[in-house]
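I have placed the structure first, in the form of structure tokens, so that the comments after it can refer back to it.
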Amino acid sequence: MKICVYGAGAVGGLMAGWLARAGHAVSVVARGANLTAIRDRGLRVRSDGKETAVPVQADSDAARLGAQDCVIVAVKGQSLAQVARGIGPLLGAGTCIVTAMNGVPWWFFDRLEFGGGRLRLESLDPGGMLSRAMPTGRIVGCVVHLAASTPEPGVISHNMGRRLILGEPGGENSERTKSIAGALTQAGFECVQSAFIEKDFWVKLLGNVSFNPVSALTLATAEHLIADREVKDYMVAIMREVLAIGRAVGVDADIDPEARIDMARHLGKFKTSMLQDLEAGKALEIDGLLTGTLEVARKAGVPAPFTQSLSGLARLRAQSTGQYP
């Protein structure tokens with residue numbers, strides 16, 4: 001397959017590196033020091049105790065890469081507007097777009113019975129810019145269950161996990177989902193096809209909405225958040241609110257908060273992506289995780305005071321260091 005990864009950070013870089021290693025024609029849209037490093041030394045992936053350098057075509061301008069069979073969008077929510085402005089030249093008549101991201105996707109309501117397909121998440125897609133550039137008919141959602149980091153430009157460290165859950169909005173998966181799942185499986189990922197990808201996003205969201213912002217506020221790694229009873233109880237309260245929000249719009253994550261915390265406990269000592277971004281001085285993914293969730297809550301008429309207070313605290317924390325516009 002001809003595959004372009006838009007955003008060669010930790011997750012996108014790992015997907016690009018392994019897909020290229022498996023023989024696919026892979027390109028990446030990157031910028032800055034990351035772009036320079038990939039061009040000079042290839043995309044370097046550290047996994048299982050060894051480093052492999054994989055040559056991939058890299059450019060900051062998608063127009064120079066041409067139409068693809070598949071585009072994997074692996075950026076933080078705050079970078080989606082930039083993707084929307086640049087992705088057009090990558091899209092041919094049959095190109096699918098895989099959204100490998102955390103948080104509530106902008107297309108979340110498009111195939112749900114709640115709202116009859118008429119609702120849009122204005123906080124994530126103001127004016128419908130994302131929906132026009134990346135229409136739902138092209139989308140394959142991807143929920144990522146792995147840990148990776150970028151210790152230096154052009155280098156991806158695969159830390160743990162290989163699981164990817166794929167599915168098209170609304171649950172009617174087509175041949176393209178089977179094809180991209182097959183390519184990712186061949187590349188070394190553990191791929192599962194979902195009949196209701198919105199539910200899988202919501203299960204992941206339970207952890208993202210709680211662990212990520214709380215870790216950024218406390219500078220604590222996950223195992224310390226779990227070990228502190230008061231902090232853990234606070235995160236459980238947030239998870240219960242997020243569960244109620246999902247159920248109100250027909251997306252039941254169907255998991256107990258304690259079981260969701262066990263999923264994080266199983267990963268051991270790790271820094272959340274938001275804590276990594278905080279320490280690196282990058283913009284924090286507050287809108288995709290918190291603002292979008294609270295907009296869903298308002299549309300569903302579900303009160304979420306714990307989540308709302310966490311959103312305010314995280315936003316002010318990020319604004320104090322210039323990491324939230």
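The values are calculated or read from the model by the stated rules, or taken from the named source; none is laboratory data. Quantities reported herein were computed from a predicted structural model and do not represent experimental measurements. Reconstructed Cβ throughout: ideal geometry from the backbone, glycine too, with neighbour counts over all protein chains shown. Side chains are part of the model used for accessible areas, which takes the heavy atoms of the whole protein and leaves out ligands, DNA and RNA. Shrake-Rupley method; radii C 1.70, N 1.55, O 1.52, S 1.80 Å.
Annotations
- Were the residues from A81 through R132 laid out at 0.36 nm apart, the gain over their Cα-Cα distance would be 17.2 nm.
- Cα gyration tensor shape for segment 46-116, rounded if a/c is under 1.5, else prolate or oblate: oblate
- Sequence ranges 225-233, 159-167, ranked by mean other-Cβ count within 10 angstrom, highest first: 159-167, 225-233
- If R0 is 22 Å, the Cβ-Cβ spacing of D252 and V192 corresponds to a FRET efficiency of close to 0.75.
- Quotient of the Cα radius of gyration of the chain and 2.2 N^0.38 Å, N being its number of residues: 0.94.
- Protein accessible area in the chain, 1.4 Å probe - carbon and sulfur %: 51
- With contacts taken as Cα pairs under 8 Å and at least 6 residues apart, the chain reaches a relative contact order of 16 percent.
- Choice from D262, D125, D59 with maximal GNM fluctuation in the chain (Cα, 10 Å cutoff): D262
- Whether segment 140-213 is rounded, prolate or oblate, judged on the alpha carbon gyration tensor where a/c under 1.5 counts as rounded: oblate
- Alpha carbon centroid spacing (whole Å) that separates segment 244-289 from segment 161-202: 20
- Comparing L284, L35, L205 in a Gaussian network model of the chain (Cα springs below 10 Å), the most mobile by mean-square fluctuation is L35.
- Span-like helix criteria (full DSSP H runs; alpha carbon extent of at least 24 Å along the helix axis; mean Kyte-Doolittle hydropathy of at least -1.0) are satisfied in the chain by 197-218, 229-248.
- Three-way shape label, segment 113-249, alpha-carbon gyration tensor, a/c 1.5: oblate
- Virtual spin-label span in nm between M1 and R163, 7 Å along Cα→Cβ: 2.1
- Given R0 = 22 Å, the distance between the Cβ atoms of D48 and H266 translates into a calculated FRET efficiency of 0.70.
- The fraction of Cα-Cα pairs per 10 angstrom bin, counted from 0 for segment 231-325, comes to 15, 41, 36, 8 percent, rounded to whole percents.
- Estimated from helices alone, the mean residue ellipticity of the chain at 222 nm is -13000 deg cm²/dmol (sum of -39500 (n - 2.57) over DSSP H runs with n ≥ 4, per residue).
- Between T185 and A33, the distance separating the two model label sites (each 7 Å from Cα on the Cα→Cβ line) works out to 3.9 nm.
- Most to least packed among 177-187, 88-98 [average Cβ atoms within 10 Å]: 177-187, 88-98
- Beta bridges by DSSP in the chain, antiparallel share as percent, to the nearest 5: 35
- Of the cross-linked pairs K204/K271; K178/K204; K76/K299; K178/K271, those separated by over 26 Å at the C-alpha level are K178/K271.
- Take S123: with every protein chain present and a 1.4 Å probe, its accessible area is about 40 Å².
- Highest-first packing order for the peptide set 289-295, 103-109 is 103-109, 289-295, based on the mean count of other beta carbon atoms within 10 Å.
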